[in-house]
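Just below is one structure, and these are the notes that go with it.
The values are calculated or read from the model by the stated rules, or taken from the named source; none is laboratory data. Since we're looking at a predicted model, the values are computed, not measured. Heads up, the Cβs are rebuilt from the backbone with ideal geometry, glycines too, and the neighbour counts pull from every protein chain shown.
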Amino acid sequence: MFRSLAKAVVAAAALVAAAHTSAYAQTTTEGGPDPTMVHIRFGPLWIKPTLALTNAGVDENVFNDPDGQAQRDFTVTVTPATDAWLQVGRTWVTGTVQEDVIWYRQFASERSANTSYRAAWTAPLNRVTFNAGGAWLDTRERPGYEIDARAQRTEQHYTASGTVRLLTNTSAGLRLDFGKLNFDEGEVFDGTNLHDQLNHTTTTFGLLVNQQLTPLTSIALTGARSQDRFDFNPLRDSDSTVASIGVVFDPAALLKGSATFGYRDFKPLNPTVPGYRGTTVAVDLAYNLLDISQFTVHIVRDIQYSFDVDQPYYLQTGVSLAARQQVFGPVDVEGRIGADRLDYRDLSGVVVDVSNQSDHVTSSGGSVGYHFSTGLRFAFNVDKQTRESPVVSRQYDGVRFGTSVTYTF
């Protein structure tokens, strides 16, 4: 684990040395680096290495156990990462490599080294634009708010699209996505084998129309058909039809990110599994005012597959907000708050402990940070997370507190 960390740190240092620590801010180019950020450049390659001690402190509830059973431990998380942009003619190749090294002093079973890779290719060729990309994750982090076990798994996602410019600011095209979730054999949570219940592939084919409103803002209309096919439990197989509209803001804009609103018609192939017809939301926005104030908002509403055989999926609705404000000189404060609701759907003809179960997860936290120099921030953080459920064994409270240090080369 620590060998992986050492490699990542050495690699980042080597890249910095090779660039002779020269910094460069790229002008606006589709697919290129964010021009509002400073990057290291040598030749046609731009990079942005970071090294973060994201957490060094105490986890008051390592296993998300119910009240009275919580176990605490000292934990450290170190995250080296590098973003890269390579210009090849008129096209851009981008990539990200990240390693999360997680260490617990007492509970060695919870230690892990989680690796993720992302790569993409953007080719704007006159009236036609091609995009292709992929992401790969090998992790033992918790899959979400429902499964409390740190289960080993890999996640893969590949996408390809092609669009044709029909008018000056309007384009249309096709998109194909493929994803695969694979838990290791023997990964069990609450008596359920996650490998047998949740391993599946998702294939999506869609049509899209883009309208460029301004140089930094566009609207995307999409219609897609997707299939979920489970490797060992075809009871969970389903088809979905999705229509959505989204607003996308360029990284160079004051408001960055995207906001998508849609409608999903979710149809399980097995008649004993209830369907879902309703809205979906995916919002991920950030606003930065003169590097003094930063605000982020994340909203999600969509279905997620559950580990429970008798409650095969749930509708997750959640929102989280964060705000950071420079109070004086190099000192800033940050506040975080979030709330998610998990509404389960019951299998027909099966008796469950709680029918139409609904769990609620709330989180809150904050930090005080100090900027020693450009790119270096030290902070003390406190975060609390609570899950309320009609099933007593699913309830828990957890608090984490400690320090973090982030350095951008």
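Ile102 passes every criterion in (1) among the aliphatic types (A, V, I, L, M); (2) touching a Gly at 6+ places or on another chain (Cβ under 6 Å); (3) within 25 Å of Asp184 (Cβ to Cβ) apart from (2). Residues in segment 157-167 that are crowded, with 16+ Cβ neighbours inside 10 Å and either within 23 Å of Gln197 (Cα to Cα) or without any contact (Cβ under 8 Å) to a residue 12 or more places away in the chain (or both): His157 alone.
Evaluated against (1) closer than 28 Å to Arg387 by Cα; (2) crowded, with 16+ Cβ neighbours inside 10 Å; (3) of a type in the set (Asp, Glu), Asp332 falls short on exactly one condition, (1).
Thr201 passes every criterion in (1) within 27 Å of Asn270 (Cα to Cα); (2) surrounded by 18 or more Cβ atoms within 10 Å (Cβ to Cβ) apart from (2). Among the residues of segment 288-313, just one is more than 30 Å from Val354 (Cβ to Cβ) and among the charged types (D, E, K, R), namely Asp291. Scanning segment 229-252 for residues that are β-branched (Val, Ile, Thr) and crowded, with 18+ Cβ neighbours inside 10 Å, we see that the one that is modelled with the lowest pLDDT is Val248. Applying the condition of being crowded, with 16+ Cβ neighbours inside 10 Å and not aliphatic (A, V, I, L, M) to segment 204-228 and asking which residue is nearest to Arg165 (Cα to Cα) yields Asn210. In summary, strands (runs of 3 or more DSSP E) completely within segment 35-117 and bearing 3 or more residues that are crowded, with 17+ Cβ neighbours inside 10 Å, in contact with a helix residue (DSSP H, G or I) (Cβ under 9 Å, 6 or more places away or on another chain) and touching a residue at least 24 places away in the same chain (Cβ under 8 Å) occur at 45-59, 73-88, 91-104. Which condition number in (1) in contact with a Ser or Thr (Cβ under 8 Å, 6 or more places away or on another chain); (2) surrounded by fewer than 17 Cβ atoms within 10 Å (Cβ to Cβ) is the one that Ser258 fails? So Ser258 meets the others, but not (1). The set of residues in segment 328-353 being among the β-branched types (Val, Ile, Thr) and farther than 30 Å from Ala282 by Cβ consists of Val331, Val350, Val351.
A residue that is without any contact (Cβ under 8 Å) to a residue 60 or more places away in the chain, of a type outside the set (Asp, Glu), within 30 Å of Val273 (Cβ to Cβ) and part of a loop (DSSP other than H, G, I, E, B) can be found somewhere in segment 391-403.
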